[in-house]
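Beneath this line is the structure, given in structure tokens, with notes to follow.
The values are calculated or read from the model by the stated rules, or taken from the named source; none is laboratory data. This structure is a prediction, so every number in the text was calculated from the model and none was measured. Note: ideal-geometry Cβ built from the backbone for every residue, glycine included; neighbour counts use all protein chains shown.
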Amino acid sequence: MSTNPQPDIDAARAIDHLVEETLLGRRGPGWALPAHAHALLRLLRFCPGAAKAHRIDDLALLLDVTPRDIKAAARTLVCDFGLPIAGSRRPPYGYYLAVTADEIGAALDPLVGELRAIAQRVRSLGGRRRLQELLGQIELDLSGPEEAA
């Protein structure tokens, strides 16, 4: 992981370009950006970085939606549109547009921890074989047609 918390100017421009293209409907999975995701992305775009994270309750209030809608919109932006929307579980708490490798790493750390905890539970409840089957399925999903294209 990088030790420089400052965004690389070229990387920040590239991310802003991805955001712009997504907002204009010129990139994505082939379907329109849902309204809640569009509104969230517009808001996060102009205050990037972990230091400017927005608490989920504040976002919900600003966008007149529920916290669940914010979570769904963030998931859509990350999983379906490939944008670096991160969530911080330590101060400052909230969602933000990640612009440095450190920010992305900080957002990944708790997710990896959750994945490990879930794998341990699967192994405890279903045994080693069930965990190996699950990991094999995940590997197949990750090497599916999207990567081959």
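For the stretch 69-113, give me each residue that is assigned to a loop (DSSP other than H, G, I, E, B), of a type outside the set (A, V, I, L, M, F, W, C) and more than 9 Å from the chain's Cα centre (by Cα). Steps first, please.
Step one: filter the stretch 69-113 for residues assigned to a loop (DSSP other than H, G, I, E, B), giving 81-84, 89-93, 98-100.
Filter again for of a type outside the set (A, V, I, L, M, F, W, C), leaving 82, 84, 89-93, 100.
Matches in the stretch 69-113: Arg89, Arg90, Pro91, Pro92, Tyr93, Thr100.
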Among the residues of the stretch 53-68 satisfying the criterion of being assigned to a helix (DSSP H, G or I) and either in contact (Cβ under 8 Å) with a residue 24 or more places away in the chain or in contact with a Lys or Arg (Cβ under 7 Å, 6 or more places away or on another chain) (or both), which is farthest from Ala86 (Cα to Cα)?
Leu63
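Yes/no matrix, rows are residues, columns are (1) modelled with pLDDT under 95; (2) surrounded by 13 or more Cβ atoms within 10 Å (Cβ to Cβ):
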| residue | (1), (2) |
| --- | --- |
| His36 | no, yes |
| Leu63 | no, yes |
| Arg68 | no, no |
| Arg89 | yes, no |
Residues (over 21 Å from Pro110 (Cα atoms) and out of contact with any His (no Cβ under 6 Å at 6 or more places or on another chain)) located in the stretch 47-80:
Cys47, Asp58, Leu59, Ala60, Leu61, Leu62, Leu63, Asp64, Thr66
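Criterion first (surrounded by 10 or more Cβ atoms within 10 Å (Cβ to Cβ), in the same structural domain as Asp58 (by TED's automatic domain parsing) and basic (Lys, Arg)) does Arg130 satisfy it?
Numbers: surrounded by 10 or more Cβ atoms within 10 Å (Cβ to Cβ): yes; in the same structural domain as Asp58 (by TED's automatic domain parsing): no; basic (Lys, Arg): yes.
No, not satisfied.
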Going by what's in this entry, would Ile85 be described as within 25 Å of Thr22 (Cβ to Cβ), in contact with a helix residue (DSSP H, G or I) (Cβ under 8 Å, 6 or more places away or on another chain) and surrounded by 13 or more Cβ atoms within 10 Å (Cβ to Cβ)?
yes
